[in-house]
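Trainee: Here it is: the structure, laid out below.
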Amino acid sequence: MTIRDVAELLEAEVLCCEDALDTVVANACGSDMMSDVLAFVKDQTALLTGLVNPQVVRTAMMVDMRCIVFVRGKNPTPEMIELAEENHIVLLSTKVRMYEACGRLYVNHLSGGE
């Protein structure tokens, strides 16, 4: 599945890095606790979260995620968008709640990894 597919499934707005929408994502995770993402996430390429602060982008950088989806209509700050652009991380925003967003991706064969 590509990031473009993720955006379409979640009816998400693309906030930055549109040139990377054709990047393939093999799996995803949903979490508002960045410490859990750092401790337990391996090989995920998309992060779904309702947390809006620069640490989300920094966490994604550390675990090499290519896409962050902000759920529940949350929008990142200009600082976060700039940081994501510098690191080629696509930012999406959807009005869908996290539970439903994860479910939509799962039923469309985007796994949660191991």
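Trainee: Look through Glu8, Glu13, Glu85 and report the one residue that is free of Cβ contacts under 8 Å to residues at least 12 places away in the same chain, out of contact with any helix residue (DSSP H, G or I) (no Cβ under 6 Å at 6 or more places or on another chain) and surrounded by fewer than 20 Cβ atoms within 10 Å (Cβ to Cβ).
Mentor: The match here is Glu8.
Trainee: Another question, then. Test Arg104 against the criterion of being more than 12 Å from the chain's Cα centre (by Cα), within 18 Å of Asn27 (Cβ to Cβ), among the charged types (D, E, K, R) and open to solvent by 30 Å² or more (accessible area, probe 1.4 Å), and give yes or no.
Mentor: So Arg104 fits the description; yes.
Trainee: Condition first: aromatic (Phe, Trp, Tyr) and either in a helix (DSSP H, G or I) or surrounded by fewer than 17 Cβ atoms within 10 Å (Cβ to Cβ) (or both). Can you find one or more residues in segment 66-76 that meet it?
Mentor: No - not one qualifying residue is present in segment 66-76.
Trainee: If you don't mind, another one. Would you be able to tell me the number of residues in segment 22-42 that are outside any loop (DSSP other than H, G, I, E, B) and within 14 Å of the chain's Cα centre (by Cα)?
Mentor: Of the residues in that region, 7 qualify.
Trainee: If I filter segment 34-57 down to residues being small (Gly, Ala, Ser) and in contact with a helix residue (DSSP H, G or I) (Cβ under 7 Å, 6 or more places away or on another chain), which single residue comes out as nearest to Val6 (Cα to Cα)?
Mentor: Ala46
The values are calculated or read from the model by the stated rules, or taken from the named source; none is laboratory data. In this text, all values refer to a predicted model and were calculated from it rather than measured experimentally. Counting neighbours? That spans all protein chains shown, and the Cβs are built from the backbone with ideal geometry, glycine included. To get the accessible areas, we keep the full protein, side chains included, count just its heavy atoms, and leave off ligands, DNA and RNA. Shrake-Rupley method; radii C 1.70, N 1.55, O 1.52, S 1.80 Å.
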